[in-house]
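Enquirer: Below are the structure tokens for one structure; questions will follow.
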Amino acid sequence: MSYKRVQIGSLFILSLIAIGSFASGVPALTGPKTIAPLIEAVTPSVVNISADRRIFDDDDVRNQYRRNTRTAIGSGVIIDADKGYIVTNEHVIRDATELRISLHDGTTYKATVVGEDRYSDIALLEVEAEDLKALTLADSDKTRVGDFVVAIGNPFRLQHTVTSGIVSALGRKNLNIEEVEDFIQTDASINQGNSGGPLINFYGEVIGINTAIIGGSSGSVGIGFAIPSNMVKETIDQIIEFGSVSRGFLGVGGRGPFDDKFDPASYARMYGLDAFNGVRIDSVDEGSPADDAGIQDDDVIISFDGEPIAEWDSLMNQIRRAKLGENVPIELFRDGKKLTLYAEIRPLYSEEKFAFEGATLFADSALIRVRPTDDTWMGQWGSNRYDFRDIIVYNVTDIEPDSEADQMGMEVYDQIIRSDVYSDTDGNQVVEVEVLRDERERIKLSLTKDQFETQTE
């Protein structure tokens with residue numbers, strides 16, 4: 001099974017249908033024969049997005065980099081006409097050097113990024129334009145399975161294409177698409193280019209932002225996923241107020257029940273359970289909220305803030321969505337005993353992707369041996385303790401003398417595979433960077449105020 005991003009899009013369909021009856025008593029569907037009025041009303045609020053990105057080719061002999069430009073396409077929806085706010089997917093505009101949006105009438109504007117959240121895959125753009133038309137973000141909690149929906153977007157550069165379907169399921173999680181997941185599933189056709197477009201209900205309101213599909217290169221197979229509008233609201237409210245989104249940080253690494261390197265039945269016997277259902281912790285970051293709460297290696301977390309934890313991704317999802325500063329109850333098993341510990345969730349400033357200065361970087365992909373922890377964001381780690389994954393890395397091509405990057409011990413040709421910023425117990429910001437050096441040695445670099453520490457793994 002594979003999940004595929006869909007850049008450009010929108011979904012919506014079918015208007016009110018009344019139920020009639022034939023003389024035989026067999027129910028018949030009657031009602032409007034077109035939803036054209038609805039489509040005509042919402043289409044002006046859907047935009048097509050073009051994102052120019054720099055592409056680098058590595059000349060291994062001369063170690064020089066040649067820059068090219070590639071244009072990615074996606075979709076978006078206007079949510080505030082007066083301020084020119086447009087919502088789309090973060091992956092649509094990621095690493096873009098220039099953004100352009102085009103309206104249904106063909107008018108094109110340059111757009112700027114107000115803020116973005118890599119964890120939920122939401123970005124907020126802004127354009128300076130007049131006479132825009134916005135759509136309302138609905139209360140997605142009122143959405144029901146079976147509701148008719150419509151998608152409007154730019155699949156395969158076919159601008160403002162309309163498709164329709166129903167809500168197939170709600171609350172889809174643990175799909176390894178995003179780190180924060182609570183998807184609406186739909187059978188409305190979504191394809192490449194639909195990403196960032198709206199999923200629209202009968203009232204012309206946005207109930208979700210289309211993000212991904214199951215399927216290969218052939219396109220939609222009738223299983224698509226949209227980020228619910230309530231999650232979109234939470235994200236953009238933080239972006240508008242603070243310019244970024246702070247996600248929760250616990251500071252643990254672990255394994256879920258689907259790790260092929262351990263047997264759930266043996267853990268069930270070890271902890272006196274009928275069946276193993278939880279995440280075994282195999283690392284705790286020193287000084288982290290987990291460490292302060294007393295969480296230890298080999299603990300098995302079975303619930304987080306009252307929500308059952310069945311696997312690693314569900315724990316990650318709960319940590320990222322936890323309210324910062326709250327003492328969250330965590331139920332776990334230790335030595336056959338059930339305990340409840342409380343951890344104060346601190347912010348992980350993931351949006352400050354590189355909270356250090358003095359390094360020239362460019363993005364590339366690489367096959368990296370990785371281990372899942374709750375403070376990683378570069379790539380999809382999966383559930384294995386160690387695995388090889390093709391992930392996004394950032395190559396260091398230059399270091400300024402006496403800069404923060406230089407003082408941290410960063411070197412030219414390092415490949416950054418992880419970068420986090422979080423608060424320590426004293427309220428100071430701690431910058432942590434993990435690099436791959438000489439394509440073999442994994443090195444951890446950290447910076448806390450004026451103290452620099454380099455640790456080799």
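Enquirer: Being within 20 Å of L103 (Cα to Cα) and surrounded by fewer than 24 Cβ atoms within 10 Å (Cβ to Cβ) is the filter here; which residues of region 185-209 pass it?
Expert: Result: Q192, G204, E205.
Enquirer: In addition: Tell me, yes or no, whether region 108-121 has at least one residue that is more than 21 Å from the chain's Cα centre (by Cα) and at pLDDT below 85.
Expert: Just the residues of region 108-121 that are more than 21 Å from the chain's Cα centre (by Cα), to begin with: 108-111.
From the residues that got through so far, the ones that are at pLDDT below 85 too are none.
For region 108-121, residues more than 21 Å from the chain's Cα centre (by Cα) and at pLDDT below 85: absent.
Enquirer: For region 330-339, does any single residue satisfy the condition of being under 26 Å from K233 (Cα atoms), assigned to a loop (DSSP other than H, G, I, E, B), in the same structural domain as R280 (by TED's automatic domain parsing) and modelled with pLDDT of 80 or more?
Expert: No, there is no match, as no residue in region 330-339 is under 26 Å from K233 (Cα atoms), assigned to a loop (DSSP other than H, G, I, E, B), in the same structural domain as R280 (by TED's automatic domain parsing) and modelled with pLDDT of 80 or more.
Residues checked against (1) touching a Lys or Arg at 6+ places or on another chain (Cβ under 9 Å); (2) part of a strand (DSSP E or B); (3) at pLDDT 80 or above:
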| site | (1), (2), (3) |
| --- | --- |
| V150 | no, yes, yes |
| Q159 | no, no, yes |
| V162 | no, yes, yes |
| S168 | no, yes, yes |
| N174 | no, no, no |
| E179 | yes, no, no |
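Enquirer: Moving to a separate point now. Looking only at residues in region 294-304 that are surrounded by fewer than 19 Cβ atoms within 10 Å (Cβ to Cβ) and not polar (S, T, N, Q), which one is nearest to V252 (Cα to Cα)?
Expert: Applying the filter and picking the extreme gives D297.
Enquirer: Give A134, A138 a once-over and let me know the one that is of a type in the set (G, A, S), surrounded by 20 or more Cβ atoms within 10 Å (Cβ to Cβ) and either at pLDDT below 90 or under 20 Å from K233 (Cα atoms) (or both).
Expert: After ruling out the rest, the residue left standing is A138.
Enquirer: I've got another one for you. Given F156, F202, which one is of a type in the set (A, V, I, L, M, F, W, C), on the phi > 0 side of the Ramachandran plot and not assigned by TED's automatic domain parsing to the domain that holds K323? Let's see the steps before the verdict.
Expert: Numbers: F202 fails: on the phi > 0 side of the Ramachandran plot.
Answer to the selection: F156.
Enquirer: Within region 82-144, considering only strands (runs of 3 or more DSSP E) that don't extend past its boundaries, which have at least 3 residues that are aliphatic (A, V, I, L, M) and touching a Ser or Thr at 6+ places or on another chain (Cβ under 7 Å)?
Expert: Per the criteria, 122-126.
Enquirer: Here's something else I'd like to know. Show me the helices (runs of 4 or more DSSP H) entirely contained within region 222-315 in which 2 or more residues are at pLDDT below 80 and either in contact with a helix residue (DSSP H, G or I) (Cβ under 9 Å, 6 or more places away or on another chain) or not hydrophobic (A, V, I, L, M, F, W, C) (or both).
Expert: Passing ranges, in order: 264-270.
Enquirer: Do you know which residues across region 316-329 are touching a strand residue (DSSP E or B) at 6+ places or on another chain (Cβ under 6 Å) and not in a strand (DSSP E or B)? Please lay out each step first, then the result.
Expert: First pass over region 316-329, keeping only residues touching a strand residue (DSSP E or B) at 6+ places or on another chain (Cβ under 6 Å): 318-320, 322, 324, 327-329.
Across region 316-329, the qualifying residues are Q318, I319, R320, A322, L324.
Enquirer: In region 136-148, what count of residues is obtained for those that are under 18 Å from I190 (Cβ atoms) and over 23 Å from the mean Cα position of the chain (by Cα)?
Expert: Residues that pass the stated criteria total 3.
The values are calculated or read from the model by the stated rules, or taken from the named source; none is laboratory data. Worth saying up front: this structure is predicted, and the values here are computed from it rather than measured. Here Cβ is always computed from backbone atoms with ideal geometry, including for glycine, and neighbour counts include all displayed protein chains.
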